[in-house]
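Notes follow the structure.
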Amino acid sequence: MDKRQSIASTGVDAVRALTPEQDLRRQWSAAEKACFDAGAAYLAAVEQFDGIVTTQAQAAFQNAAHALGEAAKEVDRFYSAHRDELEHARSALAATPRLAQDAKSLAEKAQLAVASADPKFVDYPSVRSAFRAVDDAVASLDSALAARNPLDARAAAAHVREAAATLDQSLAAAPRRAQEAASALASVRTRVEAVRTRFDRLAPAFSTLLREFNAASSADLSHNERASARHIEQAAEDLSAARASSGSGNPEEALEDIARARAHLADAEKLVDAVTDRVEKLRAVKADPTKTEHTVRFKLRDAQQLALNRGLVAEWGTVLDAQLARIDRANAALTGTHPDYWSYLQDLESISGFINGVIDRMRGSAR
């Protein structure tokens with residue numbers, strides 16, 4: 001019974017240490033108490049009747065033996081019910097020191113590879129950062145081991161392995177960085193010129209907006225030219241910094257500069273496109289003001305039919321009818337020599353979005 005109890009108890013402790021959410025102590029307590037009680041009864045019989053052969057002594061030893069047997073059966077029932085969890089936890093707990101040592105070996109191997117690598121690669125930011133991450137991960141593992149916390153130790157060992165793998169990858173990628181930076185430099189130089197060419201279309205497009213349409217239709221774009229020019233200038237500065245970094249043997253810094261340049265160019269393009277796209281949208285609605293409106297009216301009719309088919313008119317009928325009035329008001333606002341087509345489109349977009357929301361809610365309520 002003692003051997004069985006010990007095996008089960010260490011398994012329960014292992015489960016608690018590695019998977020606290022699956023703590024088996026409550027289920028184990030009854031079997032464990034039976035073991036303690038049976039052991040205590042046997043020791044009491046030995047102490048009282050050792051060497052004595054009487055009917056009372058025989059009964060005491062028989063009762064103790066029966067209690068020991070029943071306790072052993074209780075332990076067996078518990079172990080049988082939880083065998084997989086107990087054996088897996090015992091095995092995992094026993095393997096934790098080895099797991100930690102293997103992780104440390106991988107960390108040491110990765111750092112030794114850095115020590116023997118080309119010195120110019122060792123100073124790359126990615127390699128330096130990955131090297132420090134390995135040091136930090138190993139320190140965390142040592143702390144978990146010192147605290148005798150197997151759950152944290154296993155997690156820390158996994159972090160050490162990940163950090164070592166990242167360091168290996170950073171070192172393996174280092175020889176390619178110079179070529180990557182050279183290729184990226186050439187690509188961004190070309191893109192800067194392309195964005196400048198697109199930028200040249202902005203001023204004429206904005207002039208078209210002012211000349212052909214209501215001033216309110218372009219008021220939100222009045223700062224796009226200045227902001228776009230600033231982004232292009234900043235991209236050019238980043239490109240210059242990237243050239244300098246690449247020329248001084250710091251390709252990773254060059255790649256970081258290039259990434260910033262690309263971000264500025266993307267922002268510049270958005271600002272330019274916002275103006276040129278606005279011209280196209282406004283010309284399209286000016287040529288046929290009812291096209292978008294008809295689309296929204298058709299969507300509204302569909303929503304009203306859906307409400308009717310699903311018996312939701314009482315809940316949504318009035319709300320949907322109000323959207324028809326909104327469409328009519330948007331149309332009525334198209335007055336004067338230069339109607340505000342942009343506000344008209346925004347109103348219709350808002351109405352369309354609202355109708356979509358109502359449709360989604362009606363479909364959801366019917367589930």
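The values are calculated or read from the model by the stated rules, or taken from the named source; none is laboratory data. In this text, all values refer to a predicted model and were calculated from it rather than measured experimentally. Methodologically, a virtual Cβ is constructed for each residue, glycine included, from the backbone with ideal geometry; neighbour enumeration extends over all protein chains shown. These accessible areas exclude ligands, DNA and RNA; they are computed on the full protein's heavy atoms, side chains included. Shrake-Rupley method; radii C 1.70, N 1.55, O 1.52, S 1.80 Å.
Put simply, of Ala330, Ala303 the only residue that is open to solvent by less than 40 Å² (accessible area, probe 1.4 Å) and in contact with an Asp or Glu (Cβ under 6 Å, 6 or more places away or on another chain) is Ala330. Looking only at the range 32-43, decide whether some residue is more than 30 Å from Leu145 (Cβ to Cβ) and touching a residue at least 60 places away in the same chain (Cβ under 8 Å). No, the conditions are met nowhere in the range 32-43. Please verify whether Gln48 is part of a helix (DSSP H, G or I), at pLDDT 80 or above and either open to solvent by 60 Å² or more (accessible area, probe 1.4 Å) or not aromatic (Phe, Trp, Tyr) (or both), treating the condition exactly as stated. Here the answer is yes, as Gln48 does meet what is asked. For the subset of the range 52-78 comprising residues that are among the polar types (S, T, N, Q) and part of a helix (DSSP H, G or I), which member is nearest to Val12 (Cα to Cα)? If we take residues in the range 52-78 being among the polar types (S, T, N, Q) and part of a helix (DSSP H, G or I), then Asn63 is nearest to Val12 (Cα to Cα).
Where residues in the range 93-141 are free of Cβ contacts under 8 Å to residues at least 12 places away in the same chain and basic (Lys, Arg), which of them is nearest to Val160 (Cα to Cα)? Checked the range 93-141; the qualifying residue nearest to Val160 (Cα to Cα) is Arg132.
Having 1 or more residues that are under 28 Å from the mean Cα position of the chain (by Cα) and either at pLDDT 90 or above or closer than 30 Å to Val12 by Cα (or both) is the bar; report the helices (runs of 4 or more DSSP H) wholly within the range 79-183 that clear it. Lay out the reasoning, then the answer.
Working: elements: 83-115, 119-122, 125-146.
Hits in the range 79-183: 83-115, 125-146.
Glu85 passes every criterion in (1) touching a residue at least 60 places away in the same chain (Cβ under 8 Å); (2) of a type outside the set (A, V, I, L, M, F, W, C); (3) open to solvent by 90 Å² or more (accessible area, probe 1.4 Å) apart from (3). For the range 201-218, indicate whether the set of residues that are at pLDDT 95 or above, surrounded by 18 or more Cβ atoms within 10 Å (Cβ to Cβ) and hydroxyl-bearing (Ser, Thr, Tyr) is non-empty. Looking for residues that are at pLDDT 95 or above, surrounded by 18 or more Cβ atoms within 10 Å (Cβ to Cβ) and hydroxyl-bearing (Ser, Thr, Tyr), one finds none in the range 201-218, hence no. Does the range 69-85 hold any residues that are more than 13 Å from Ala31 (Cβ to Cβ) and either of a type in the set (A, V, I, L, M) or out of contact with any Leu (no Cβ under 9 Å at 6 or more places or on another chain) (or both), and which are they? Hits for the range 69-85 are Gly69, Arg83, Asp84. Picking from residues in the range 315-327 that are in contact with a helix residue (DSSP H, G or I) (Cβ under 9 Å, 6 or more places away or on another chain) and open to solvent by 60 Å² or more (accessible area, probe 1.4 Å), the one that is modelled with the lowest pLDDT is Glu315. Give me the pairs, please: first residue somewhere in the range 47-69 and within 17 Å of Asp2 (Cβ to Cβ), second residue anywhere and of a type in the set (Ser, Thr, Tyr) and surrounded by 11 or more Cβ atoms within 10 Å (Cβ to Cβ), beta-carbon distance under 8 Å, and either six or more positions apart or on two chains. Between residues of the range 47-69 that are within 17 Å of Asp2 (Cβ to Cβ) and residues that are of a type in the set (Ser, Thr, Tyr) and surrounded by 11 or more Cβ atoms within 10 Å (Cβ to Cβ), the close pairs are Ala64/Tyr42; Ala65/Tyr42; Ala67/Tyr42; Leu68/Tyr42. With respect to (1) in a helix (DSSP H, G or I); (2) surrounded by 12 or more Cβ atoms within 10 Å (Cβ to Cβ), the lone exception for Gly364 is condition (2). Pull up the range 239-282, narrow it to residues that are within 13 Å of Val192 (Cβ to Cβ) and over 33 Å from the mean Cα position of the chain (by Cα), then point me to the one that is least open to solvent (accessible area, probe 1.4 Å). Among residues in the range 239-282 that are within 13 Å of Val192 (Cβ to Cβ) and over 33 Å from the mean Cα position of the chain (by Cα), the one least open to solvent (accessible area, probe 1.4 Å) is Ser240.
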